[in-house]
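The values are calculated or read from the model by the stated rules, or taken from the named source; none is laboratory data. For clarity, every value in this text was computed on a predicted model and none was experimentally measured. Positions of Cβ are generated from backbone atoms using ideal geometry, with glycine treated the same way; all protein chains shown enter the neighbour counts.
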Amino acid sequence: MADRFAGLVHDLRYALRILRREPGFAAVAIVTMALGIGATTMLFSVAYGVLLKPLPWAAATELLRVTETRQGRSGRVDGTVSNGTFLAWREHRSTIEDIGGWRTQTVTFTGAGDPVRIPINPTTPSLFPLLRVQPLIGRLFAEGEGAPNEPVSSTTRPTPRSSASSRTCARMRSLAPRSPRSSR
């Protein structure tokens, strides 16, 4: 055992002697190794964050995203499902716990100064319970909310003319007009 360490100490002394004789070569070698180690660390950090890190939801391994294709073609927008298909899947599910959906759209925020266009994400009532999360502000959908043509209130986020206070963010606005009731 002592012979192994003696050999290691001898090799380290020899390496230091060579590096002292050639300082330019030593600097290039050290910088090259530092760049290589830094690049490798960055690459594995990005790969972990994008590919390997678990999703921030409970039972994340049981979640999946489904899309719709018909005769080998996707719908109007890649990665989406039509409303009819979503409703059919929800009503006839047998091997899944639940199904939830969302979409991205832009609406006009009015009622406090000039109108402002803001992005929102309307969701189905089942999405938050499916992800096992609670909203940061407000409440989950109540029973019966989320029916077709039912207006959904959305929590606004700060706009350029509002502050980021929770009171401003918690102000609820109706972003979908009520559909007129048909008189029979």
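Report whether or not Thr85 is assigned to a loop (DSSP other than H, G, I, E, B) and out of contact with any Pro (no Cβ under 6 Å at 6 or more places or on another chain). It is false that Thr85 is assigned to a loop (DSSP other than H, G, I, E, B) and out of contact with any Pro (no Cβ under 6 Å at 6 or more places or on another chain).
The rows are residues; the columns are (1) at pLDDT below 85; (2) touching a strand residue (DSSP E or B) at 6+ places or on another chain (Cβ under 7 Å); (3) loosely packed, with under 10 Cβ neighbours inside 10 Å.
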{"position": "Glu91", "(1), (2), (3)": "no, no, yes"}
{"position": "Ile118", "(1), (2), (3)": "yes, yes, no"}
{"position": "Glu143", "(1), (2), (3)": "yes, no, yes"}
{"position": "Ser162", "(1), (2), (3)": "yes, no, no"}
{"position": "Thr168", "(1), (2), (3)": "yes, no, no"}
{"position": "Arg178", "(1), (2), (3)": "yes, no, yes"}
{"position": "Ser183", "(1), (2), (3)": "yes, no, yes"}
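Candidates Val46, Val31: the one that is of a type outside the set (D, E, K, R), surrounded by 10 or more Cβ atoms within 10 Å (Cβ to Cβ) and within 30 Å of Leu127 (Cβ to Cβ) is Val46. Considering the stretch 49-61, the residues that are exposed (fewer than 10 other Cβ atoms within 10 Å of the Cβ) and within 15 Å of Val133 (Cβ to Cβ) include one that is nearest to the chain's Cα centre (by Cα), namely Pro56. Which of the residues belonging to the stretch 18-28 are surrounded by fewer than 10 Cβ atoms within 10 Å (Cβ to Cβ) and either aromatic (Phe, Trp, Tyr) or more than 51 Å from the chain's Cα centre (by Cα) (or both)? Across the stretch 18-28, the qualifying residues are Arg20, Arg21.
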